[in-house]
Every structure is written in C-alpha cells, then in structure tokens.
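As structure tokens, the structure follows; a few thoughts come after it.
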Ligand code: CDP
Ligand code: MG
C-alpha cells in the first residue's frame, strides 16, 4: 500500500499543472512518465493487461506508444483514468471519430465516457486553432459536477481550460477548450451561431435519456452536419439504443446497402467493453404500502445485516429525499450501540454545486454513506463505493395533457430499462445487491423503456426555439421520434395566443423572436416583455428571477417547520405567491443582501437569494440589449407593494402569460380548471393553501399520489382572461 502511495506521489510531482498543455510539453517528460505509470500499473496488478491490451494494436492507424497517452494517465488526482474501461480504447476511439462524422458510443456508466473522451479529443488536437469540444448533458447538475471533476483532473480552475455553461451560470472563458453544457443551452447557442461553428466535436451525452432538448438537438445537429462535414458528432449512451441513433444520422442509400457496415462511411457504433460485477436483485414478497417508509426500513436493514459498502437510494423528488435524509439522520442517532455510523446525503437538481460535491467525497472513516438521489444518479453521475442500491420503483416524469394544458410532474413506475440501470449502479466495483421496493410480478408489468419526453411534454418552448432557428415548418422537422399531432397543435395554439406567432404561424417581430431569445419559459418571457406597458417591469424582473429558483427559496431547518412557516407569513401578500416572492426579494435587497444571518432568521436560503439577484441582472441585461428601458429607482419607498395599484398591474401582467393555466376555487376549497374537467389543490407551500380565492392563475402543477397540486398561485379576475387571451377563451353563448 505504501509503495503504491509513493508511486502516486511521484506521479503527482511529474504531472503537468494542466494536462491541456501543448503536445510537445507533454512529450518532454513522457519518458519518465511512462516508467512511473508502468510501475504504478504493475503495483495494481494490471501491468500486463496495460502492456498487452492497452488499446495499442498494430492495425490501428493511430497506434504508437503515444506519449500523450502516458501524459493523460497521470492527469488524475484520483483513480488513475488508465484503469477506466475507456482507456484501452483510446486510440481506436480517436481513430473512429476522426474517420466517421458520427460515432455512437455505448458504454456502461462509469466507463469514462464523459470525463475522459473530451480530454482525449483535446490531446488529439481537436481544440487546435481555438476550437472547442462541447459535451452536452440533459441535467444542469450533471454538467456542473462532471466539469468540476474534469477541471480537477487536468488541474485547472473551472472556467479556464475546462468550463461549464448552464442557464444563468456561465463559467467559461476565451481559454475554455472543453465545455460542458446542458443540451438546451447548446440549442440556444445555435440562435446566435447557427452552425455552432466554434465546436469541432459535439458530444451529446446521456442520449438514452431522450430528454426533449436532446432529441431536438440531435435533429438540429443532423441539419448542421450537412453544411459542416468536418464537424464530429459523438452520441453517447449508457444503454443499447445505438442503432436508432446511428440510423437517424446516416439514413442514406449507402446505409441501406447491406454490403457496407451499418452507418456506411458516415458513422459507426463503438462499444466500450466493460466489466460489471454480478448484482443480486431482491424483490419484496408483498407490495409495500408506503414505499418511502419501506425504503427507510431497508436502509437500516442493510446497515445492520450487510457487509461494508455505501448505499444508493433512488426516490422520486426533492421532498421525499429531504424527508428520508432527515429521518435517517434522526433514527440513526438511536444506533449508538453500533460501531459504524450512517451518513445520509441528498442528491437532486436543486442543490448548489457545493452541496452536490459532498456526495462524491468518500465517507468519513467508520461511516456508511447513504446517497439519497433522484434519477440523476441512474446514469448521469457516478458515485464510487456504492455496493447497495435501493430502487423505490418510481421516477418523476413530465406529462402534459394537451386537453387541459397542464404539465405535471408525476411519480410513475420506472421502466425495465431504468430498473436494470439502477441495479447496475451496485455492481461497478465489486459484487453488489439491489433491493427493489416492489414485487417481481410488479416488475414484469413494467414498460420496456420510458417514452421519450418529446411525446409527453409541452412543446411550446421547443417550437418557439425551432421557429427562431428558422425552421418554420416544424411538422416536417426531423424528429428522432415524432411527437403526437395534438401536442404540436396545442403548442402552436398556445404560442399564437401568447402573441409569439402570427396567423401564418410565423414568429412575430419583435415579441416572438425576443421571447425565443430570453432564456426563460415562453409565458414568463412574454410577461417580462409586456411588463413595461403595465408599468411594472422592475417588479416583474424580480418575480421572474425568484420564480426561476423553483422553490429553493426557503430553508427548512430540521424540525422547525412551525417557525419557518411563521417566518414565511411575514412576507405573505394577500394576492398570492408571486407577490409574496416579490416581497421576499425586496426585503432581501434592503435587509439581507449583506447579512446571511438575516436570511437564516427568516428561513431564507441565502445562496438561492443571491442567485436570484444574479438571475435578475442577467434578465435585465437581455432586456437592455433589446433596447427596453430598464432604468429603475430602487428607492426603499418604491419597493413595498403596498398600494392596490402596483399589485393589480402585476397580476394583470402575469395573466398575459399564464392565462392558459387558470382555475377557479370551489366551495370545498379545491380548484377546477377552466373547462371544469380537472380538480386541483393548492400545494401546502403555496400561500393559497387554506385561503379563500375565486379565479387564480398558477405556474406549476405537480401530481402526487392521486392529487394534482398547484404552486405559485396568484389571484386574478375572470374578465382578465378574456381581455388578455381573447383567442384562447371564448364566452359560452
Ligand atoms: O460517462 P461515464 O458514465 O462513462 O463515466 P464518467 O462519468 O466519465 O466517470 C468515470 C470515472 O470518474 C468514474 O469512476 C467516476 O467515479 C469518476 N467520477 C468522479 O469520481 N466524480 C465525478 N464527478 C465524475 C466522475
Ligand atoms: Mg457519463
């Protein structure tokens, strides 16, 4: 063990400060490095394999005892990347990417696709001449965490040679050569640079997730490819849908010629072999009444009966996860007789980058780590040391009903493909166990794969984007899977009613094109763009910024629910959640900005609030660029939403964007949608919970169990719906 560490130390000394150095610099020290790496590998018992089967085959055109190879192997501060499955395919992979415009890369999670391939590409010269390698992720949290990891591996500060860009957070610079970004953001970049010309290679990662933006991005890339034959596209996936992706890109006469391999001269499928250890799958004998409670019990069962190894728990969302993390913390205090402690850690999209990073750190000695995660841990991120997986059997999926126009996030049974992927997380480094909180007969009824998002989402945002990219006939857009016609029609109607499209379904100018450019949902973009007409732009900027935090405003300290609720009441505005958010923002600006203690006392999340300030500034800059006058006096006296006047202006203005999500309160305190078909409940976090109202608009609907809850709810007048959305609502004669 000691000698291994010694070797690692030598490696550390020899390691270039940043692996993104020019090739000749690497070569200078290569000879020494090769020696060290070989020693290191021999120590780990893999020396032979490395030498015999190091991916360097005589037939490979790029085969050579490549000195860069040695350089890159030393670049990790952690497990040497040379031990990752991808390492031995490095040269072959580079050859394939060089030779074929499209490569579909298949490999198990943790093989090194996301963190290693971009580095290989950079080392092979794909960033020469200022070009950039882009790696897209469906999730923001994955983009930030892998970027941070790669920056650490190449030893640069994040934002320098390696950076990331997600909505409202751009950590890149002129120097950035490897850029991680969400697929939605890359689509947005195409608005400014239609051929995405600064990128030499675009890796569409986690394509198997089939997120809405991934699908659309693939369609857009297919178009771009025709004009930029030199562009290299890598579609990477953890599951075996490879052929669909390859056929999508290479569906030509040549590809149909059975004498040539699939993909013809245009593309190839590249499989990364990879070892998986066996995973013992255990089912319940009887269905669980409450899967959350059963999950908790399973955590403690594993802890008391199973050997060492961390636990990864899959649950559906933030609320469940926070609850389970809290419960594990509380209940494990009673375990003092046990020598090993439990360390529960949450992982979901709303966490800050720092909070996420804890998950990747090894557990403190004599502690078993329990990572409680959403689907994000299924394939997007890899956590080392996991031996046990608990799969609750559900995932929160977006579902959009074109008839009610309500998009819900609903806990839905996972697909078989997901369940397999989840179980696989237990067998990465040694044999593991997966506990499914459902029965084997439940498993048999699951769908094979999750339907792609494009078939179950509100398409309005994406259609707006496509229109702005000049793709006017969206029905003929090359979708990987076509959306149902009714979703398309509904989206067009909605955009028309918002004023983004004209009678011929063309983008209106300037409203429609500006809406597309603003990086927020179409309804909020509309609201901001018309706010000057209502005289409430400053307020609306604050509301838009606060609303984009998606509920991360409040901090709920363990067991202090009552106190936090009474703190919230201080900011409550009678008219609803949006005005309450505005009160919070304004109070923060005047009292809490420099005082984290003030936030704590008011149960506000200081980091989120600071983020809201930054988002607001970014939105303001967008509007300035459009030539909209955003000068505002932020004098404290003007900040309070006291008079009925400004409140009404804001509510009217919100109605111009949110008219399609309107509901009316019933005598029993529930709400009904305008067509009367759907019952909605105010979410307990909403100000409208247990309060009287008549007509309201709401921003978000989510389905939990059998109920649909609405959040960010604001009171309006019925007449406003007709006034601001005459084409959407008709009065019954
Ligand atoms: O993309 P793929 O699933 O093939 O693998 P990867 O994300 O490139 O991960 C390769 C290795 O890097 C794994 O062993 C991870 O444990 C490690 N890694 C990490 O420790 N922390 C991260 N934030 C990302 C990756
Ligand atoms: Mg990956």
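Read-outs throughout are calculated quantities, based only on the coordinates presented, and are distinct from any laboratory measurement. This structure is a prediction, so every number in the text was calculated from the model and none was measured. Methodologically, a virtual Cβ is constructed for each residue, glycine included, from the backbone with ideal geometry; neighbour enumeration extends over all protein chains shown.
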Between residue 271 and residue 591, what is the FRET efficiency for a Förster distance of 60 Å, r being their Cβ-Cβ separation, to the nearest 0.05? 0.55
Where does each of 659, 168 land when they are ranked from fewest to most other beta-carbon atoms within 10 angstrom? 168, 659
Here the Kirkwood hydrodynamic radius of segment 518-732, Cα-based and in Å, equals 17.8
Ranking of 694, 244 by count of other Cβ atoms within 10 Å, fewest first: 694, 244
Rg to Rh, two decimals, where segment 484-613 supplies the alpha carbon set and Rh follows Kirkwood: 1.09
What order, most packed first, do the peptides 129-139, 614-624 have when packing is the mean number of other Cβ atoms within 10 Å of each residue? 129-139, 614-624
Three semi-axes of the equivalent ellipsoid, segment 62-271, Cα gyration tensor, whole Å, largest first: 25, 21, 16
Residue order, fewest to most surrounding Cβ atoms within 10 angstrom, among 271, 681: 271, 681
Starting from the alpha-carbon convex hull of segment 579-621, give the projected area averaged over all orientations, in nm². 2.9
Taking the Cα-to-Cβ direction at residue 280 and at residue 98 and moving 7 Å from each Cα, how far apart do the two end points lie in nm? 4.8
For the residue 230, residue 157 Cβ pair and Förster radius 35 Å, calculated FRET efficiency rounded to 0.05 is 0.70
Quick one: Cα convex hull volume of segment 458-514, Å³ per residue? 75
